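Below: one structure, written as structure tokens.
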Amino acid sequence: MKHKWLQLQTSSWGEGGVASRPADHPPTTAGVLYLREKKFAHPPPRCIHLHDAPESKIEKLLKRRGKEQIEKCFEEKSYPKMALKVLSALDVAKTQYYHFKAIIIAGMGLFTDSYDLFCIPPIMRMIGRIYYPKVNRLVDQKNWFEVPTVIESAMIADALMGTVIGQLIFGRLGDRAGRRHVYGVSLVMMVMGSIGCGFSFSNLTSMVLLSLGFFRFLLGIGIGGDYPLSATIMSEFANKRTRGAFIAGVFSMQGFGILLSSLVTMIVCAVFKACADELTSPSELASSDKVAPVSPESDLAWRVILMIGAIPASFTYYWRMKMPETARYTALVEKNTLQAAKDMEKVLNVSLSSIREDIEMINTPNTRATFLNTYSFFSREFFRRHVRDLVAASINWFLVDIVFYSLNLFQYHTFKARMTPKTHMNLYDDAWEVAKFQGIVAACATIPGYFATVYLIDKVGRVKIQAAGFIFMAVSLFTAAKMNIDGWGSDPGLGFMIVNGFTLFFSNFGPNTTTFIVPAELFPARFRATCHGISGAMGKVGAIIGSVGFIWASRDPPHGLGVSCTLTVMGGFCVLGFFMTYFFTRETMRRSLEENESVDEYTAILHPPPPAAVSIRLLTTTTIHYLLSIRIPTVRLRLSRFALGFRSEIRLPLLTMCVRVSIRVYYKSLIALQAELRERIERYSQLWIGCQRQLAAEEISVMVIQGLSKMRILKD
């Protein structure tokens, strides 16, 4: 044990002086603690005998190699440990008021998204009445006042295509510039798009629809940007115990957006109908040469419905700008642990006093150099670690959106036999009828499905809910298709509506919600928003295919496949989604984001393999090279003895052929053995990290002996 002597002069003690010491003997840690404990209350003895604390690894490295080694040690060990210490405090934080506030702030974008997307079906009925009063009037009375299928498909796909682009662009910007900095931009684009849709004025029908399509595309870009940012922000603010419920709560705002779009449409139609001075009934038009009334009131109603969607989004802009950057992005991407701790203390009641001093000590530019930036986006290492999760999340989202958007956007196609004939309704009654069906389905099936997911997502798990949802959706769709074949679809009763309601319930209590949650939990912080955007973009591509395809495919033969065949095809997509979920989707419940994204990525930095494991790798490589050098002569010697029994004219060709075949077989087996050795060495090196060196050494010895035995070098 080393000793130092702390010399204290008592002459200046009572005068508030500071204890002096020799210049070459700085006070030890024990000495400082002694002075703090005594607080200068009593004069200490002339000389105090103190013991040094055990030298740390950093102090030993400093003595041995100097300042550069100590900075490197801080850079590679201290900063990552402090960052993970901060994030661990965030993972175990209790559920607080700000968590629910964040659900409202983040969910309002998805609320606006569903409002603007699902208010289109009744609006298209109104546009058909106003701008297409004579389409197919003489040919088909049922299609009177109906927007052409091409125009309706373009309007639906326009906003969804903008959503695809927005998810890709804003997802990448969220990882490069920060979640908070681009969060407000997507909201502004949503507000501008909603207001712009209401100002699509022109004397020509084509120009009105072209202007409406442009602003809906702009609206779609803003909506698409909100998907990855909202999911990522909520996942990085939440604790690991209730993270799934919080993200599902954000996504459940979609259900309320669908319900509000139906209520607003019904209210606006009722108000405009009551205020109209004169309405001409379509039943009168069927027996006369009159055309549908195109009044300023009727042309204004659908614009008001679209512009109301900007109100809830604009109310949350201020609160989005007040949100701090997420602690995970600040600590892991910007590499500023001190700022991450300060941001957490602003909004959450998290105790960080025990680690603040350590953070301030290491939070310098030199210590924030290369934390966890071990590979880049779309690199070979990225594909090795994350391509399976990315493909699984994208395909699952793609498959569920084909079904979800088809059924939600075109419910009136499925239940059109249940609705009042258009010849007995005016413009407002027609839109009111479609909105009523959407509202009933949202209140009875869509919203309860979201609530069930919020309640059970952290108890049952993401994978189980998603797989069960796909199966129940498939069963419901197959049942609905059979009922439609048996004639229920021509006069859909309560049973047919219940079956379709079950489909929508299990889509929300299932893959429609979980596909939004899982991509926000699987990937590293520096790629999280980008990968979520890619997965969501694939989902919206599926929504385009499903919604546009449903319009054309659900038409009665020979123009389409019919409703029954279309429902059967969608059931097949659900079965495929079940297999993708069961075999390729990883569970993320009750694990921190750092555990979900990749354990190896962090342990490789915080706990690098010991020198012994590196030596074992070198030993294995040397052994393989040695086998390469000695195996071929052995094969040639044995084959030479075998070929001696033949005549001289065939001996040499036979010997040559046998040598070539044996060498090829040998090299193939050697390559397979080398791959097996590498895989097992990687696994065994982890045993050294877990303080199981004895077990690892024994297993490695057995492995080497087995490998040599396979190469027929050791016979016994």
Over 25 Å between Cα atoms, which of 322/540; 101/540; 101/459; 436/464; 94/346; 464/540 qualify? 322/540; 101/540; 436/464
Of the peptides 210-216, 461-467, 312-318, how do they stack up when ordered by the mean number of other Cβ atoms within 10 Å, highest first? 461-467, 210-216, 312-318
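Want the number for residue 241 to residue 210: 0.36 nm per residue separation, take away the alpha-carbon distance, what's left? Before the final figure, lay out each step's value.
On the way: separation 31, 0.36 × 31 = 11.16 nm, distance 4.81 nm.
Roughly 6.4 nm would be gained on extension.
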What length, rounded to one decimal in nm, is gained on full extension from residue 192 through to residue 94, with 0.36 nm per residue of separation minus their alpha-carbon distance? 31.5 nm
How much length, in nm to one decimal, is gained on full extension between residue 498 and residue 456, taken as 0.36 nm per residue of separation minus their Cα-Cα distance? 12.8 nm
Pairwise label distance in nanometres, residue 387 with residue 318, each label 7 Å out on the Cα-Cβ vector: 5.0 nm
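If packing is taken as the mean number of other Cβ atoms within 10 Å per residue, what is the order of 298-304, 243-249, highest first? Can you show the working numbers first?
Details: 298-304: 19.1, 243-249: 26.7.
Ranking the peptides 298-304, 243-249 by packing returns 243-249, 298-304.
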Going 7 Å from the Cα of residue 346 in the Cα-to-Cβ direction, what parts of segment 150-186 have a backbone nitrogen less than 18 Å from that spot? 177-185
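Any read-out appearing in this document is the output of simple, stated calculations on the displayed coordinates, not a laboratory observation. On a predicted model such as this, the values are computed, not experimentally measured, just so you know. With ideal geometry, Cβ positions are generated from the backbone for all residues, glycine too; neighbour counts draw on all protein chains shown.
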